[in-house]
1. Can you go through Leu143, Leu152 and tell me which one is farther than 30 Å from Arg49 by Cα and free of Cβ contacts under 8 Å to residues at least 40 places away in the same chain?
2. When region 61-106 is examined, which residues are found to be surrounded by fewer than 16 Cβ atoms within 10 Å (Cβ to Cβ) and hydrophobic (A, V, I, L, M, F, W, C)?
3. Mind listing whichever residues of region 127-154 are among the hydrophobic types (A, V, I, L, M, F, W, C) and not in a loop (DSSP other than H, G, I, E, B)?
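Values in this text are rule-based calculations from the coordinates and carry no lab data. Predicted model only: the values in this text are computed from it and were never measured. Cβ atoms come from the backbone with ideal geometry, glycine included; neighbour counts cover every protein chain shown.
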Amino acid sequence: MGWETAYLFKDEAESGKDTDRPMFQQMMRAAKNKCFDVVVFWKLDRFSRSLLHAVELEAELREHDVALHSVTEQIDTTTSAGRFNFRNIASAAEFERDMISERTQMGLKALALEKRWPNDRPPVGYRKNAEGRLDIDSKEAELVKEIFSRYLHLKSMPQLAHELNDDGRTTEVIREWTPRAVRDVLTNELYTGLYSVADVIEFVPEYRIISKEQFEQVTKVRHRFKSTSDSRRNPMPQSRKARLVESVINEYRSYLEEESSE
């Protein structure tokens, strides 16, 4: 081709499916810095996990005026004809992606019509049975009720997460409570029995753990700062402050120990 090789990026024993491989990321950074004009690879599966993924990478590289060229395949975006062919490939890949998406949505819709759960990690308070539907886990359901009740008293998700951890109120999945994990519980209407998956929204009495009234009370408390400009958040409790300070100090001590050992 008469091209001069400027760089060689080679990941030993790394799959083309993984774009987090070190040399690949180094190559992408070099492309952004316009260090070269073309990425040459032996075969697509050495560069990208799929044709569709290659299309996405090509669009990203094109922004930096970097083309693609495969030694053994009809992939070459360095010429007008090559770019035209690649656009056709991209259109076919997009069509395939849309078809896969439609089939996935159809399967999800069929699953939802039977009130089954779409993945293997149901929310806290539930277990997925052999039929794919949810059963209430009595122990975790009590924890869910406690979270709603305690939040109405504390009015603070960070403080509630802190207290749940101190009390050892964790689950098989949640080893440590965070404000985000608490929020996921407090905002999930499934606990009121409202099942919502793939545009299927229906009340399922056997899924209910708390009352709709309590859920609405919690929602009102969560939104209290949005409704009034004069609202003020409660100060952080001393016990939580102490825990955060201790965490920072311990991290710093660990850092000092690592520095001294080196």
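1. So the residue among Leu143, Leu152 that is farther than 30 Å from Arg49 by Cα and free of Cβ contacts under 8 Å to residues at least 40 places away in the same chain is Leu143.
2. Val71, Ala81, Phe84, Ala92, Phe95, Met99, Ile100, Met106
3. Filtering region 127-154 for residues among the hydrophobic types (A, V, I, L, M, F, W, C) gives 130, 134, 136, 141, 143-144, 147-148, 152, 154.
Scanning region 127-154 gives Leu134, Ile136, Ala141, Leu143, Val144, Ile147, Phe148, Leu152, Leu154.
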